[in-house]
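Data block below; observations after.
Readers should treat all values here as calculations from the given coordinates under stated rules, not as data from a laboratory. None of these values were measured; they are calculated from a predicted model. When we count neighbours, we look across all protein chains shown, and the Cβ atoms used for this are built from the backbone with ideal geometry, even at glycine.
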Amino acid sequence: MKNKILDAVGISAAVLCLIHCIIFPLLMVIPLGISHNPYIDLFFLLTGTVVVLRIIRRIHNKKLKALFWLSLLLIAVSVFIDLIFEIHVPLIYVGAAGLITAHIINFRSHQH
């Protein structure tokens, strides 16, 4: 049961991250006076990492574990490139989609 809750939190955080990553650049075009804050992306990365670390302990499927880790790695690379070089890399979209997919697969594997 606890794994289902963690998957629900993970799916929610990954979807919010993906929405943030898609909508925010569109809002930058409109002159509202807002600017990009890479620390929001870092917050999503840390949240996702905590959830994935807790879920990974209970997963036996190596391919699913690899999907979780690869997705987190893609998000981390994108966030750190943005923090260091101030360049937005679209790897974060692939990573967020991968996390959503991994959480859905893991959630469905625990339904009885």
### Task
Could you give the C-alpha radius of gyration of the chain expressed as a fraction of 2.2 N^0.38 Å, taking N as the number of residues it contains?
1.12
### Query
For the chain, what is the mean residue ellipticity at 222 nm derived from helices alone (per DSSP H run of n ≥ 4: -39500 (n - 2.57); sum divided by total residues; nearest 500 deg cm²/dmol)?
-28000 deg cm²/dmol
#### Entry: Sequence-separation-based contact order of region 2-109, relative, with Cα cut under 8 Å and 6+ spacing, percent
39 percent
### Query
Each residue of region 7-15 in order: what ³J(HN,Hα) in whole Hz does its phi give by Karplus 6.51 cos²θ - 1.76 cosθ + 1.60, θ = phi - 60°, with x for Gly and Pro?
5, 5, 5, x, 4, 4, 5, 5, 5
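Report the FRET efficiency, 1/(1 + (r/R0)^6), for Phe43 and Trp69, where r is their Cβ-Cβ distance and R0 is 35 Å, rounded to 0.05.
Rounded to the nearest 0.05, the efficiency is 0.95.
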#### Entry: Per-residue HN-Hα couplings for region 87-101 [Karplus 6.51, -1.76, 1.60; θ = phi - 60°; Hz; x = Gly/Pro]
10, 7, 9, x, 4, 5, 5, 5, x, 5, 5, x, 5, 4, 4
## Note on the structure
For region 69-85, Karplus-derived ³J(HN,Hα) couplings (6.51, -1.76, 1.60; θ = phi - 60°; whole Hz; x for glycine and proline) come out as 5, 5, 4, 5, 4, 4, 5, 4, 4, 4, 5, 6, 5, 5, 5, 7, 9
### Query
About the Cα centre of the chain, what is the dipole size in debye to 20, counting +1 per Lys and Arg Cβ and -1 per Asp and Glu Cβ, all else neutral?
800 debye
